[in-house]
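First comes the structure, then the notes that go with it.
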Amino acid sequence: MKNASLLVLSVICFLFASAQEKTYTITSPDKNIVVSCVPAAAVYKIQYKGQTVLADSKLGLIRDDEDFSRNLKVVNASPAATVKDSYTLLTAKKKNITYTATRRVIETKTASGKRMNIAFQVSNDGVAFRYEFPEVSTDVKKISAEATSFHFNEGTRAWLQPKTEAQTGFEHTNPSYEAHYMTDIATGTPSPGKNGWVFPALFRYNDTWLLITEAALGRTYCGTALQQFSPDNEYKINFPEPQEVFTNGKPTLNPESTLPWKTPWRIIVIGNLKTITESTLGTDLALPAKRMDPSFIKPGKASWSWVLKKDDSTVFSVQKRYIDFAAGMKWQYCLIDADWDKRIGYDSVKLLADYGKQKGVGLLLWYNSAGSWNTVKMTPKDKLLTHEDRRKEFSRLHEMGVKGIKVDFFGGDGQSMINYYQDILEDAAANRLLVNFHGATLPRGWHRTYPNLMTTEAVQGYEMITFNQGDANRFPSHATMVAMVRNAFDPMDFTPMNLYKIPRIKRVTTAAFELATSVLFLSGIQHYAESPDGMAHVPEYVKDFLRKLPDSWDDVRFVDGYPGKFYVVARKAANKWYVAGINGENGDKQLTLDLSFLKNKKGKLIASGPVTGDEPSFEQTPVTLSTAGKTNITLKANDGFVAVFE
């Protein structure tokens with residue numbers, strides 16, 4: 001009898017151990033993506049079309065009061081369920097968006113009984129997971145590290161942007177997500193600096209592409225990145241550097257919160273480049289829109305003097321001319337940059353706002369985010385640091401008739417700085433002001449949560465091209481990278497398109513390349529680099545194209561491309577399709593474009609024409625697509641095109 005009892009006990013122990021080592025799977029609706037999770041080992045892996053594209057990778061995190069990255073016991077696992085969502089965005093690649101995924105939540109506990117859920121949602125275009133602490137507590141819990149990793153197979157290639165180190169760069173303004181991508185490098189290559197790699201991060205294994213980012217970054221977490229080193233091709237989550245905090249209040253760096261608590265989603269888009277281009281996962285998983293009056297939220301285009309004319313252009317007469325310029329181009333906004341409060345003054349800006357209103361042009365005003373995290377002296381500064389300061393300043397702007405603000409030179413990704421961004425967005429919305437963040441972090445879907453967020457820089461933008469020839473020379477390849485990767489989910493204020501000349505810089509792109517970026521780059525408000533003087537050299541049909549260019553898009557189609565080399569995309573607005581392409585390499589390309597979704601349609605093509613001195617070279621020709629919808633196009637080195645079909 002004793003031996004029988006021991007046998008039964010052994011069987012029970014074996015069964016319990018087996019249950020704890022059990023693998024839980026989550027499959028996409030189309031069955032192409034399968035996630036396998038072993039909670040007891042705190043690992044997961046991903047297969048795509050039967051091929052492992054992410055090997056055993058780590059799950060979990062470490063709270064100061066508990067280690068949730070090992071020795072987890074499964075309490076319960078929900079059955080697979082379908083989740084659906086739909087929403088509307090005016091500042092994204094699509095307007096009306098639907099999301100469908102398979103959801104499964106695995107409830108775990110540690111040896112001491114503390115609880116953590118691992119929530120997976122797997123859609124046809126990728127995998128998302130996050131951690132949830134379901135218990136209730138009033139004391140603040142703190143996370144010191146996140147164990148999450150992405151373990152790639154040997155032979156995987158990567159396209160990654162280094163995250164600049166805090167307190168470096170111009171007036172100690174880094175990190176600001178303004179660096180060139182390192183393209184087609186081997187996984188495992190260390191980042192040049194200890195601050196790692198920013199999101200989105202692009203990878204390719206054989207013919208499968210993977211894009212990693214995060215979303216649903218609320219007020220209880222810091223912005224994260226990938227660590228500098230990735231031994232054995234395994235990339236781990238990186239927390240910000242100590243200096244990346246808001247210093248005019250509690251300088252919270254790493255995540256802390258009471259319970260219950262949900263972390264941001266870790267997102268992995270999986271498929272081909274068409275999947276990457278057309279996916280909306282970065283906003284599908286974002287927090288839903290805050291309640292606000294939508295009537296003042298109007299995407300559009302803006303004139304902007306500073307990018308070419310710099311500080312001396314911030315004077316009343318020049319800004320009045322740029323308002324006239326915007327009105328003549330049927331653009332809705334004019335941005336007045338730094339030091340406007342000293343060079344023009346509030347009273348005269350009010351006169352410009354009144355003048356702009358008569359012309360149908362709204363004013364946008366620049367602000368220094370201020371704070372001791374940088375040494376920038378440009379003004380206005382020290383006006384946004386507290387709720388009371390913001391309420392006073394934003395109310396004044398609203399009464400002046402100003403439509404929006406551009407806030408520059410933030411200090412990084414610490415939790416307190418992430419909260420500062422959202423404080424500005426909420427107080428701006430209360431005063432019906434649109435927002436543009438510069439010198440800033442990646443917004444990670446905030447334009448869904450805060451619809452008054454029109455755009456964010458977070459890119460090595462056009463202003464750098466105007467500073468030095470080296471950045472101008474790298475622009476063609478850089479443009480294809482940022483359009484495909486940085487701009488994958490979040491609006492990007494690159495401030496593109498110079499059609500004539502850049503002072504003191506030899507532009508290496510054709511004017512047709514520059515024109516194509518007006519379609520390729522996505523921004524809720526697109527600030528154009530071209531000046532009134534430069535636009536005077538442009539053919540009328542090009543001006544007409546820019547006057548009629550939509551302010552938001554209904555749909556998107558990937559046509560062709562390769563990161564850093566070339567990119568062709570189609571965007572739809574109402575009954576028209578706009579097709580644009582750029583060649584990011586210094587050699588001619590012969591492209592055969594599959595536009596079968598536009599078969600038999602007629603349109604107009606604007607491409608490079610015969611070169612005549614320094615004048616912008618354009619040529620407009622009619623295009624009729626065949627029944628097959630195929631068309632051939634030749635792009636010269638660093639060249640581009642746009643076409644409109646209806």
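Within the stretch 603-624, which residues are within 11 Å of Val538 (Cα to Cα) and among the hydrophobic types (A, V, I, L, M, F, W, C)?
Selection gives Phe618 alone.
Identify all residues within the stretch 587-627 that are closer than 18 Å to Asn575 by Cβ and either touching a helix residue (DSSP H, G or I) at 6+ places or on another chain (Cβ under 6 Å) or among the β-branched types (Val, Ile, Thr) (or both); write none if there are none.
The answer is Val623, Thr624, Leu625.
Criterion first (part of a helix (DSSP H, G or I), within 30 Å of Leu210 (Cα to Cα) and in contact (Cβ under 8 Å) with a residue 40 or more places away in the chain) does Ile276 satisfy it?
Working: part of a helix (DSSP H, G or I): yes; within 30 Å of Leu210 (Cα to Cα): yes; in contact (Cβ under 8 Å) with a residue 40 or more places away in the chain: yes.
When the stated conditions are applied, Ile276 passes them.
Within the stretch 90-135, can you find the residues that are in a strand (DSSP E or B) and among the charged types (D, E, K, R)? If you could, list the steps in order and put the result at the bottom.
Keep residues of the stretch 90-135 that are in a strand (DSSP E or B), which gives 96-109, 115-123, 126-135.
Those that are in a strand (DSSP E or B) and among the charged types (D, E, K, R): Arg103, Arg104, Glu107, Lys109, Arg115, Arg130, Glu132, Glu135.
Right, Val579: touching a residue at least 60 places away in the same chain (Cβ under 8 Å), in contact with a Phe, Trp or Tyr (Cβ under 8 Å, 6 or more places away or on another chain) and within 28 Å of His527 (Cα to Cα) or not? If you could, list the steps in order and put the result at the bottom.
Numbers: touching a residue at least 60 places away in the same chain (Cβ under 8 Å): yes; in contact with a Phe, Trp or Tyr (Cβ under 8 Å, 6 or more places away or on another chain): yes; within 28 Å of His527 (Cα to Cα): yes.
Yes.
Hey, does the stretch 69-87 have a residue that's basic (Lys, Arg), over 28 Å from the mean Cα position of the chain (by Cα), more than 19 Å from Ile270 (Cβ to Cβ) and part of a loop (DSSP other than H, G, I, E, B)? First the steps, then the outcome.
Quick first cut of the stretch 69-87, residues basic (Lys, Arg) only: 70, 73, 84.
Next, from what is left, pick out any that are over 28 Å from the mean Cα position of the chain (by Cα): 70, 73.
Checking which are more than 19 Å from Ile270 (Cβ to Cβ) leaves us with 70, 73.
Filter once more, keeping what is part of a loop (DSSP other than H, G, I, E, B): 70.
Checked against the condition, which is being basic (Lys, Arg), over 28 Å from the mean Cα position of the chain (by Cα), more than 19 Å from Ile270 (Cβ to Cβ) and part of a loop (DSSP other than H, G, I, E, B), the stretch 69-87 yields at least one hit.
Only residues that are of a type outside the set (Lys, Arg), in contact with a Lys or Arg (Cβ under 8 Å, 6 or more places away or on another chain) and farther than 29 Å from Arg63 by Cα: list them for the stretch 142-157, please.
Answer for the stretch 142-157, where residues must be of a type outside the set (Lys, Arg), in contact with a Lys or Arg (Cβ under 8 Å, 6 or more places away or on another chain) and farther than 29 Å from Arg63 by Cα: just Thr156.
Among the candidates Asp347, Asp324, single out the residue that is modelled with pLDDT of 95 or more and under 33 Å from the mean Cα position of the chain (by Cα).
Working: Asp347 fails: under 33 Å from the mean Cα position of the chain (by Cα).
One residue alone meets the criteria, Asp324.
Quick grid of which residues meet (1) surrounded by fewer than 24 Cβ atoms within 10 Å (Cβ to Cβ); (2) part of a strand (DSSP E or B); (3) in the same structural domain as Ile33 (by TED's automatic domain parsing); (4) at pLDDT below 95:
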| site | (1), (2), (3), (4) |
| --- | --- |
| Asp184 | yes, yes, yes, no |
| Gly188 | yes, no, yes, no |
| Gly193 | yes, no, yes, no |
| Leu210 | no, yes, yes, no |
| Cys222 | no, no, yes, no |
| Gln243 | yes, no, yes, no |
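Residues are listed down the side, and each one gets a yes or a no for (1) in a helix (DSSP H, G or I); (2) surrounded by 21 or more Cβ atoms within 10 Å (Cβ to Cβ); (3) among the aromatic types (Phe, Trp, Tyr):
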position	(1), (2), (3)
Gly282	yes, yes, no
Leu287	no, no, no
Ser295	yes, no, no
Lys298	no, no, no
Ser303	no, yes, no
Gln319	yes, yes, no
Ile323	yes, yes, no
Asp341	yes, no, no
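Could you tell me whether the stretch 608-617 includes any residue that is under 22 Å from Ala488 (Cβ atoms), in the same structural domain as Asp551 (by TED's automatic domain parsing) and either in contact with a Leu (Cβ under 9 Å, 6 or more places away or on another chain) or charged (D, E, K, R) (or both)?
Filtering the stretch 608-617 down to residues under 22 Å from Ala488 (Cβ atoms) leaves none.
No; the residues of the stretch 608-617 include none that is under 22 Å from Ala488 (Cβ atoms), in the same structural domain as Asp551 (by TED's automatic domain parsing) and either in contact with a Leu (Cβ under 9 Å, 6 or more places away or on another chain) or charged (D, E, K, R) (or both).
Quickly run through the stretch 618-646 and pick out the residues that are buried (at least 18 other Cβ atoms within 10 Å of the Cβ), more than 31 Å from the chain's Cα centre (by Cα) and in a loop (DSSP other than H, G, I, E, B).
Within the stretch 618-646, Phe618, Leu625 meet the criteria.
The values are calculated or read from the model by the stated rules, or taken from the named source; none is laboratory data. Please read all numbers here as calculations on a predicted model, not as lab measurements. Every residue, glycine as well, gets a Cβ built from its backbone with ideal geometry; the counts of neighbours run over all protein chains shown.
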